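The values are calculated or read from the model by the stated rules, or taken from the named source; none is laboratory data. Just so you know, these numbers come straight off a predicted model, no measurement behind them. Note that we place each Cβ from the backbone using ideal geometry, even for glycine, and neighbour counts take in every protein chain shown. For accessibility, only protein heavy atoms count, side chains too; no ligands or nucleic acids. Shrake-Rupley method; radii C 1.70, N 1.55, O 1.52, S 1.80 Å.
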Amino acid sequence: MTSPEPQSPAPQPPEPESKDRVYRSVPAIAGGVLLLAIAAWLGIDAVTAGGGRTPWMALAVLILVVPLVVAFTLRPAVYAGEDRLRIRNPFRVIVLPWGRIASLKSAYSNEVLTESGAKYQLWAVPVSLRARKKAARREMRATAQARRGMGHDEGRGSALGMRAGLGGGLGAGPVSDGPVRAETDRIMDDLRELHEARHRAETAQGEVTVRWAYEVVGPAVVGALLVLILLVVG
């Protein structure tokens, strides 16, 4: 009798890859959709109802305007993974390994600074001074309410303690969940935490790469040339 052949172990299923965190500006997307709808409405009306060179001019303007609207509203996004930060700006895509990032700065715009001194703006995470002021007012109100609540509870706890001999330990003010922050500031805090946790990882090293978005630049340049030619020809 022949001995049974040894069976090979069953292949292990691949480990699931961690998905990138994606950050985009919802108001910018909404504004971009609205602008594209208006451009399509006006452009189609000019093409179908216009006379002479008007339809050609309308097409040329659409070829110029549509890529620019998409570039500045729908296109910007930030992808934060375990090993790198990918920034999709209007005309460029920048890939930054966490090990090459020196800091993430927030002032009047949110920016990433590399160890070599290069600076890249996060178009998808715009700074809103109005949102910051609103968050600051909410923080002030929450702090004032917490102080009033703690004072009230401590007074009540002291009175009860004097009666029951328990001291003032019964009064406990509301626990704060942390400072109130604007949405984009919270996003930058998340990116800083991820950078702090991963910038020394071996897989988070590498070179910074920058690629121009020719799929946006090309049509916009063609549209600008067509508009210029039509204006010159008259």
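None of Ile229, Ile187 is open to solvent by less than 100 Å² (accessible area, probe 1.4 Å), more than 30 Å from Glu111 (Cβ to Cβ), at pLDDT 65 or above and part of a helix (DSSP H, G or I) except Ile229.
Pairing residues of region 99-119 that are in contact (Cβ under 8 Å) with a residue 40 or more places away in the chain with residues that are open to solvent by 50 Å² or more (accessible area, probe 1.4 Å) and part of a strand (DSSP E or B), at Cβ distances under 8 Å and at least 6 apart in sequence or on separate chains, gives Asn110/Gln121; Thr114/Ala102. All conditions in (1) in contact with a strand residue (DSSP E or B) (Cβ under 7 Å, 6 or more places away or on another chain); (2) within 21 Å of Val66 (Cβ to Cβ); (3) charged (D, E, K, R) hold for Arg211, with the sole exception of (2). Annotation note: of Leu64, Leu68, Leu36, Leu59, the sole residue that is touching a Gly at 6+ places or on another chain (Cβ under 7 Å), open to solvent by less than 80 Å² (accessible area, probe 1.4 Å) and at pLDDT 90 or above is Leu64. With the condition kept exactly as written, say whether any residue in region 135-152 is at positive phi, over 29 Å from the mean Cα position of the chain (by Cα) and at pLDDT below 70. Taking every residue of region 135-152 in turn, none turns out to be at positive phi, over 29 Å from the mean Cα position of the chain (by Cα) and at pLDDT below 70. Determine, yes or no, whether Ser3 is over 23 Å from Leu230 (Cβ atoms), at pLDDT below 95, hydroxyl-bearing (Ser, Thr, Tyr) and open to solvent by less than 90 Å² (accessible area, probe 1.4 Å). No, not satisfied. Take Val127 and decide whether it is open to solvent by less than 70 Å² (accessible area, probe 1.4 Å), farther than 26 Å from Pro219 by Cα and at pLDDT below 95. Yes: the conditions hold for Val127. Of all residues in region 73-115, exactly one satisfies the criterion of being open to solvent by 10 Å² or more (accessible area, probe 1.4 Å), within 22 Å of Ala182 (Cβ to Cβ) and among the β-branched types (Val, Ile, Thr), namely Thr73.
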